[in-house]
1. Could you identify the single residue in K57, K106 that is surrounded by 15 or more Cβ atoms within 10 Å (Cβ to Cβ), of a type in the set (D, E, K, R) and modelled with pLDDT of 90 or more?
2. If we keep just the residues of region 13-23 that are part of a helix (DSSP H, G or I) and at pLDDT 80 or above, which is surrounded by the fewest Cβ atoms within 10 Å (Cβ to Cβ)?
3. For region 113-137, how many residues meet the condition of being among the aliphatic types (A, V, I, L, M) and modelled with pLDDT under 80?
4. Taking the conditions exactly as written (farther than 19 Å from P90 by Cβ and at pLDDT below 80), does L26 satisfy them or not?
5. Of a type in the set (D, E, K, R) and modelled with pLDDT of 90 or more: does that describe E65?
6. Consider L67 carefully, then state whether it is surrounded by 14 or more Cβ atoms within 10 Å (Cβ to Cβ), among the aliphatic types (A, V, I, L, M) and farther than 17 Å from E32 by Cα.
7. Out of the residues in region 87-103 meeting the condition of being surrounded by 14 or more Cβ atoms within 10 Å (Cβ to Cβ) and at pLDDT below 90, tell me which one is farthest from C33 (Cα to Cα).
Amino acid sequence: MSSLDFEEAGHTLLKIRLEQGQGMELCVMVLECCTEEKTYRSFYVEDSTSSSLIFLKTLFLQLSELLRIKLLNEKLQDPTMEETFESIFPKDHRKNTLFSIKFFTKIGLGGITQTLRQLIAKRKETDSEDELRDEMVMKRRRKRG
């Protein structure tokens, strides 16, 4: 398949007439393309546009329908694929992580964001501990000064 951008690729994929049982084949192909992130990055993430979000929504809803949430989640949590899905499930900045969680929750797939939710919760704990430590240091300095 050769397309200029993700929109053209999405439209081409939607036009494919699949026979019974070929849906999984298409999903596997798309996931394999995602593993070639550097090559296909412009198709699905650089900057979120309404078209790219619609493409992701359609793709993941179909994947969840074919694989069911449990199996999809297992595939997405595969450690060998973590780097591949980094741009879809970002862990770099809180803002990006929350955007991903909210997006998947809004389309009814919040269950595939459990790892991100745990990361956010862990960061909150760490941030709270850091804040508490900073407060204690400041109190000590005030007492000394």
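1. Only one candidate passes the filter, namely K57.
2. K15
3. From region 113-137, those among the aliphatic types (A, V, I, L, M) are 116, 119-121, 132, 136-137; that's our starting set.
Filter again for modelled with pLDDT under 80, leaving 132, 136-137.
Number of matching residues: 3.
4. When the stated conditions are applied, L26 passes them.
5. Yes; evaluated as a whole, the condition is true for this residue.
6. no
7. It comes out as R94.
The values are calculated or read from the model by the stated rules, or taken from the named source; none is laboratory data. Owing to the predicted nature of the structure, the values given are computational and were not obtained by experimental measurement. Virtual Cβ from ideal backbone geometry, glycine too; neighbours counted across all protein chains shown.
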